[in-house]
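Let me begin by presenting the structure, written as structure tokens, before commenting on it.
Here, each number is a calculation from the coordinates, and none is a lab measurement. Remember, it's a predicted structure, so these values are computed and weren't measured experimentally. Don't worry about glycine lacking a Cβ; one is built from the backbone with ideal geometry, like all the others, and counts go over all protein chains shown.
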Amino acid sequence: MTSTKPFLRALAGETIIPPPFWLMRQAGRYLPEYRATRTQAGSFLDLCYNPELAVEVTLQPLRRFGFDAAILFSDILVVPDGLGQHVAFKEGEGPVLAPIRSARDVDGLDLSGLHQRMAPVYATVSGLSKAIPATTALIGFAGAPWTVATYMIEGSGSKDFANAKRLMWSEPETFARLMNLLIEATGQYLIQQIDAGAEAIQIFDTWAGALPETEFRRWVIEPARQLVERIHCERPGVPVIGFPRGAGILYEAYVTETKVDGVSLDSSVPLDWAARVLQPKCTVQGNLDPILLVAGDEALDAGIDRVLKALAKGPFIFNLGHGIIPPTPPENVARLAERIKAFKG
Ligand SMILES: Cc1c2[nH]c(c1CCC(=O)O)Cc1[nH]c(c(CCC(=O)O)c1C)Cc1[nH]c(c(CCC(=O)O)c1C)Cc1[nH]c(c(C)c1CCC(=O)O)C2
């Protein structure tokens, strides 16, 4: 049965004019109504685990801009939290975790409490599936094991991932144990989101580009391949989008080997190459530079037009190359939405 939702039709391989669109981090601090709800919720994690408020902040950008997809409001770091690692979000600092640096630390993680801890997230998904407009698709998501592992091992964001890479190379068995736990936890978590009403899945591998080729194949492609296989096998018909940010020419191997239905392109991916090499293999999504949404004006229009011209001739979902940043004026997002909706091919 063909879906009536443009986002899902595009993921099934249809070329749609104007293309469906949504934006990574479409809910967030650039919206005053998000900041108000966030204050009401208390901490960021309190917001992620409050289904009523998480539904509300997911809907906020849909009301303003009419996106074709809603993405569950949560975070990739709820999974470590659900495995028993201490996770907090510090104001102005970002995530802070009790770092996992040894075999004993990995022993301390526990899969058995995951679904109980994630119950409010599943409740948010099921609330959203009833609350979103009939033509809007609902995206569930998780961080990819490598990206989640970097935060778990570093204990925070990082520039060079020195601790994560050191564990990977110096204690390969411990690192593999952590990664295998994350592959299993992430697979279960995504299946539960689908059962609660998620119609498509996106896997965020924000730090994929930090790994050399051999390790990229082992710890970016292989886990994504396993997750895609599990979802396709256990919940057939639910499409998966992969986002191996910074993968460069390894985007091609990622698409071919993981069998993702869609691939999200970061802003550095050349458009003509993506149209020629990736788009015949799967739906492409992307890849406007998020800073153009801060710059606005003619630079924004020209950037949008370049992406549309290069990618809208095949299966395509318009998005950014990475998430919206807080200084983005909401008017510029409205400008982008209008320009895409007016596109005639
Ligand atoms: C690496 C990563 C994280 N989280 C995420 C990623 C992968 C995608 C990417 O690279 O952007 C994914 C994410 N985070 C959030 C969503 C919600 C859905 C959406 O896109 O609208 C999604 C899909 C909300 C959030 N996640 C976070 C916020 C801001 C928290 C706040 O309101 O104070 C939001 C709205 C916090 C967060 N969460 C994370 C960091 C490093 C930070 C701190 C930096 C920052 O504040 O932007 C981890």
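Taking trypsin sites (Lys or Arg not before Pro) as candidate sites, keep only those in a DSSP loop with at most 11 other Cβ atoms within 10 Å, then name the longest stretch of the chain containing none of them.
On the way: sites that count: Lys159, Lys344.
It runs 160-343.
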Legend entry - For Thr136, residues with placed amide H under 5 Å, excluding near neighbours: none
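Using the count of nearby Cβ atoms within 10 Å as a rough guide to exposure, how do Met168, Met152 rank from fewest to most? Can you show the working numbers first?
Values: Met168 22, Met152 28.
Going from least to most buried by this count: Met168, Met152.
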Legend entry - Bridge type composition, the range 6-341 - antiparallel percent by DSSP, nearest 5: 15 percent
Inset, instruction - Would you mind finding the longest exposed-site-free stretch of the chain, with exposed GluC sites (Glu not before Pro) meaning DSSP loop and at most 16 other Cβ atoms within 10 Å? - result: 94-345
Legend entry - Cβ-Cβ FRET estimate between Glu171 and Ala253, R0 fixed at 35 Å, reported to 0.05: 0.85
Inset, instruction - Treat each spin label as a single point 7 Å out from the Cα along the C-beta direction, and report the Asp305 to Asn180 distance in nm. - result: 5.5 nm
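Calculate the FRET efficiency for Glu222 and Phe343 from the Cβ-Cβ distance with a Förster distance of 41 Å, rounded to the nearest 0.05.
Details: r = 38 Å, r/R0 = 0.92.
Approximately 0.65, to the nearest 0.05.
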Legend entry - Whole-Hz ³J(HN,Hα) from phi, Karplus 6.51 cos²θ - 1.76 cosθ + 1.60, for the range 136-143, glycine and proline x: 9, 8, 10, 9, x, 7, 8, x
Inset, instruction - List, in order, the whole-Hz ³J(HN,Hα) value for each residue of the range 146-157 obtained from phi through the Karplus relation with A = 6.51, B = -1.76, C = 1.60 and θ = phi - 60°; use x for Gly and Pro. - result: 4, 5, 5, 4, 4, 5, 5, 7, 6, x, 5, x
Legend entry - Asp107 paired with Ala119, simple spin-label distance in nm, labels 7 Å along Cα-to-beta-carbon: 3.0 nm
Inset, instruction - Note the angle between two axes, namely the Cα long axis of helix 297-311 and the longest principal axis of the Cα atoms of the chain, as a number of degrees from 0 to 90, rounded to the nearest 10. - result: 80 degrees
Inset, instruction - Give the angle, between 0 and 90 degrees and rounded to the nearest 10, that separates the Cα long axis of helix 330-341 from the longest principal axis of the Cα atoms of the chain. - result: 60 degrees
Inset, instruction - With springs connecting C-alpha atoms under 10 Å apart, model the chain as a Gaussian network and identify which of Leu109, Leu23, Leu59 has the largest mean-square fluctuation. - result: Leu109
